[in-house]
Every structure is written in C-alpha cells, then in structure tokens.
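Working notes for the structure below.
The values are calculated or read from the model by the stated rules, or taken from the named source; none is laboratory data. The model shown is predicted, which means the values in this text are computed figures rather than measured ones. Cβ coordinates were reconstructed from backbone atoms using ideal geometry, including for glycine residues, and neighbour counts include every protein chain displayed.
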Amino acid sequence: MRKNYSPEVQDIFVQFGHAYRRLYGNSMPYRHLRAMHAIEICRTASLGGHVERCDTCNNIRITYNSCRNRHCPKCQFLRKEKWVEDRMQDLLPIPYFHVVFTIPYELNAITLRNQKVVYNILFRSAAETLKTLSCDPVYSYGRIGFICVLHTWGQNLMDHPHLHCIVTGGGLSDDDTTWIPCKKDFLFPVSVMSRLFRGKFLAYLVEHYKKSELKFPGAIITLQQRRIFNSLISKLYRKEWVVYSKPPFKNPETVFRYLSRYTHRIAISNQRIINVSEGKVHFLWRDYADGNTTKVMVLDAYEFIRRFLLHILPEKFVKIRYYGLFGNKNHRVSIEKCRSILHVHRTPREVKQEQWQELMLRITGFNVSSCPLCEHGTMKMAHSLPSVRCNGPPAVSK
C-alpha cells in the first residue's frame, strides 16, 4: 500500500480492468489492451527492479521499474523535463505566440474511427495555414518556426481533438540575412487563420474520402453515401471554426516551460482523481462553459476506462511535430543564423550521459539516492530483481 494513499489511474485499471476486458476486449484495438496492461504493472514486481542498501545504516529499499508507456501517468515527468532542456537550446529573444487549432465536434465520430488519418490532416492543415500566412505579402514574416502538440481530450475526458502551437513572433528572410519581426502583440488575424485552416482541413478530408481512405462503421455508416457526406461537408464550410491566439509571452524563457504543460500530458493526471468507490470514479474537472469553475465529475468505472482509452494514440504516431526554423532537418543551422542576426551569444550546453537519479537531482534538487531512514547515507544497489512480466497483455476471456 502506498503511503498517503490516493487513488490513481493504475488502481482503477487493476480493480476494473479485467472485468472491462471480459466485456469489451474482443472489440478493443490491441494498443488499448497493451496500454492498459502497461499501466496496471507499472512499478510493480511484474517489471522487475532492484534492491538498494544504505551504505551507512544498512536500510533496505525495493524499487520497481516503470512501464515507460507514453500514456501512463507515472512515466512522464522526467521525459517532460528533458524535453524542456533540449528545447531551451533553441530559444530566441523574441515574442512567441500560443495558437490553438480545434476541429468542430461534428467531426468527432469520424475522427474516432479514423484517428491516424484525421490527426495527420489536423497537423498538415494547421502547419500549412501558418506557413501560408507567414509568406503572404500582407505579413511577410519569411520563414517562421513553430512546434505543434496534439491533444485529443477535454476536461471531461471526452474526445476534443486540437493542436497547441508555439509560434515565433517573426521569421528569417528568404536570403537568411534578416530577422523580420512581427507587429507588437499581433501574429495573424484569428478570423483569417480560422477560415484558411477550415478550407485546408475540409479539402484534405474530401480528398481522403474520394480515395476511400476513411472508414464509416457502426453509427456513421450512412456517411458512406456521398450525398450525406457532402451535406456534412457543406454544413462544416458554413460554420466558424475555433482558432485562437493568445498574447505573446513576455519572458521568452517561459515559452517552452509553458508548452511542456501540453507535450507530455495524458488525458487525466493522477492528481485529479479524488475517490474511487462503489464502482464510481470521482475526479476534478474545469467547466469552461461555467467560468472555468472547478467541479467534481462522477463516472461509472467502465465509462471512465472507455473515455481514457479514447485517447490512446495510434501505434508510432508522432504527437509533437516541429516546423520551419524548428524543423528537424538542419534546424540547428537555422537557429544559429537567427542567433547571429539577433546578436545572441550562447554557451553550448555540455552534453553528457546521466542516470535518471542524476537528472532528478539536477532538475528538482531532490536526491532520490539519499537514505530516507538515516538521511546521511546513500542508497546503493545491492542486486537486481528479475522481471516476471508476461510477453504482452493478458488474453481476453470469451
């Protein structure tokens, strides 16, 4: 039993996961089964670990390995901190904007059944919108840089696909000799971004439809009929899509720290879960429609699991993508050109291999190797514990 016990996603899966799989497992994607299994055995004897002994008082501590699944609430902290450190090397002394692209709820049913296709359309449409406007003669920012992070959920755990983008306030000229700054507190008009994004997204959606690359099973089977699909597209063209841009960050050093809130976040953190009892899960959520009021939502445990699994991403799907100046190809060269133009001198960070304990100490100041009993000694590994995990998720009982 954990000290200062509070319920976690793992507890919900352990308590209700087996019964959930018995009911729905035969229709569940394998990635859902695998994610559930990983979360259930994270930091347990199933994954093995090691025994540590204090070199001063001989106190014994057993530490189990983590699952490292990207959907596990326990396995994101150090990944997030390492990501922030790496991104800080690209920081420029300029304004940065936070832009969010959201697709209408009318597309949720299609998206849920065609996640990889629609999420890729979302990235492509948002990226092309920003690139197109940056080159438009009205703005002429040149080559901008931006990072896009996919989120698929709302506070109530229902599907709500949207992209969080951090965008440079200006760009590098085509001849790589000049930095072109944006207007103060202004990137692009929201209405222009919204309509351009809408047009691109729907055009690509129709393109995939014509190539028969979209699936319409179950409740949306009628969308296979071109007349009904075209009617939906026409309706979506008439609707204003939600795109918004927040004011620029006043302190450039807060940019990537802010974005890190989104990069490695999963559908719900353990901190939001307040109680699990009588087959119900109680968790905190913010009701944006009611002035961001914090409320308690109560869901049946099976419904909680179902909603959580809505946000398990397709295999190998990349949820953080880099464009323009931050594009993975030669982005260091582009950033150094910008630094030179902006007269920024940077001392290169010494890169060295670190154990996770060293990284934790450097980032948080907390020494996990210190003996919790005597507080003077250092915990040293005595011997390892073998893994007893199975090869994959448990078989589904029929």
So Ile110, is it part of a helix (DSSP H, G or I), within 30 Å of Ile233 (Cβ to Cβ) and of a type in the set (Val, Ile, Thr): yes
So, in segment 156-215, how many residues would count as being under 17 Å from Glu240 (Cβ atoms) and basic (Lys, Arg)? 3
Scan segment 148-165 and give yes if some residue there is in contact with a Cys (Cβ under 9 Å, 6 or more places away or on another chain) and either in a loop (DSSP other than H, G, I, E, B) or closer than 16 Å to Thr111 by Cβ (or both), otherwise no. yes
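May I ask you to list the residues in segment 204-231 that are small (Gly, Ala, Ser) and under 26 Å from Ala127 (Cβ atoms)? Before the answer, list the steps.
Here is the first cut: in segment 204-231, the residues small (Gly, Ala, Ser) are 212, 218-219, 231.
Within segment 204-231, just Ser212 meets the criteria.
So which residues in segment 274-301 are more than 20 Å from Thr152 (Cβ to Cβ), touching a residue at least 60 places away in the same chain (Cβ under 8 Å) and surrounded by fewer than 17 Cβ atoms within 10 Å (Cβ to Cβ), if there are any at all?
Going through segment 274-301, the residues more than 20 Å from Thr152 (Cβ to Cβ) turn out to be 274-280, 282, 290-296, 298, 300-301.
Checking the rest, the ones that are also touching a residue at least 60 places away in the same chain (Cβ under 8 Å) come to 274-276, 279, 301.
Hits for segment 274-301 are Ile274, Asn275, Gly279.
Name the one entry in Arg346, Arg321 that is modelled with pLDDT of 95 or more and either in contact with a helix residue (DSSP H, G or I) (Cβ under 7 Å, 6 or more places away or on another chain) or part of a helix (DSSP H, G or I) (or both).
Working: Arg346 fails: modelled with pLDDT of 95 or more.
Result: Arg321 is the single residue among Arg346, Arg321 that is modelled with pLDDT of 95 or more and either in contact with a helix residue (DSSP H, G or I) (Cβ under 7 Å, 6 or more places away or on another chain) or part of a helix (DSSP H, G or I) (or both).
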When residues of segment 222-261 are limited to those that are of a type in the set (Phe, Trp, Tyr) and part of a helix (DSSP H, G or I), the one farthest from Ile320 (Cα to Cα): Phe229
Considering residues that are under 21 Å from Phe197 (Cα atoms), surrounded by 12 or more Cβ atoms within 10 Å (Cβ to Cβ) and in contact (Cβ under 8 Å) with a residue 12 or more places away in the chain, the number found within segment 214-236 is 5
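Residue-wise test of (1) over 18 Å from Leu325 (Cβ atoms); (2) among the small types (Gly, Ala, Ser).
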{"residue": "Arg79", "(1), (2)": "yes, no"}
{"residue": "Met88", "(1), (2)": "no, no"}
{"residue": "Leu91", "(1), (2)": "no, no"}
{"residue": "Ile94", "(1), (2)": "no, no"}
{"residue": "Val100", "(1), (2)": "yes, no"}
{"residue": "Thr111", "(1), (2)": "yes, no"}
{"residue": "Val117", "(1), (2)": "yes, no"}
{"residue": "Ser134", "(1), (2)": "no, yes"}
{"residue": "Arg143", "(1), (2)": "no, no"}
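Give segment 143-152 a look and list any residue that's hydrophobic (A, V, I, L, M, F, W, C) and more than 14 Å from Val100 (Cβ to Cβ), or say none.
Within segment 143-152, the first condition is being hydrophobic (A, V, I, L, M, F, W, C), and the residues that meet it are 144, 146-150.
Matches in segment 143-152: Ile144 only.
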Residues of segment 349-377 satisfying the condition of being exposed (fewer than 13 other Cβ atoms within 10 Å of the Cβ) and either at pLDDT below 65 or among the polar types (S, T, N, Q) (or both): Arg349, Glu350, Val351, Lys352, Gln353, Gln355, Trp356, Thr364
Out of all the residues in segment 159-178, is one or more within 26 Å of the chain's Cα centre (by Cα), touching a residue at least 60 places away in the same chain (Cβ under 8 Å) and farther than 24 Å from Lys250 by Cα? yes
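Out of everything in segment 54-86 that is assigned to a loop (DSSP other than H, G, I, E, B) and basic (Lys, Arg), what residue ends up being nearest to Arg265 (Cα to Cα)?
Within segment 54-86, the first condition is being assigned to a loop (DSSP other than H, G, I, E, B), and the residues that meet it are 55-59, 65-76.
Keeping just the survivors that are basic (Lys, Arg) gives 68, 70, 74.
Working: Arg68: 14, Arg70: 9, Lys74: 11 Å.
So, considering only residues that are assigned to a loop (DSSP other than H, G, I, E, B) and basic (Lys, Arg), the one nearest to Arg265 (Cα to Cα) is Arg70.
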Exactly one of Lys215, Lys211, Lys200 is at pLDDT 95 or above, of a type in the set (D, E, K, R), farther than 18 Å from Val255 by Cβ and in contact with a Lys or Arg (Cβ under 6 Å, 6 or more places away or on another chain), and that residue is Lys215
Note on segment 133-151: residues surrounded by fewer than 16 Cβ atoms within 10 Å (Cβ to Cβ) and in contact (Cβ under 8 Å) with a residue 40 or more places away in the chain are Ser140
Across (1) in contact with a Pro (Cβ under 6 Å, 6 or more places away or on another chain); (2) surrounded by fewer than 19 Cβ atoms within 10 Å (Cβ to Cβ), Pro95 clears everything bar (2)
Could you check Thr132 against (1) under 19 Å from the mean Cα position of the chain (by Cα); (2) at pLDDT 95 or above; (3) more than 16 Å from His311 (Cα to Cα) and say which number it fails? (1)
Have a look at Ala219, Ala203 and point out the one that is among the aliphatic types (A, V, I, L, M), more than 26 Å from Ser134 (Cβ to Cβ) and not in a loop (DSSP other than H, G, I, E, B). Ala219
Could you check Ile266 against (1) among the β-branched types (Val, Ile, Thr); (2) free of Cβ contacts under 8 Å to residues at least 24 places away in the same chain; (3) under 24 Å from Phe317 (Cβ atoms) and say which number it fails? (2)
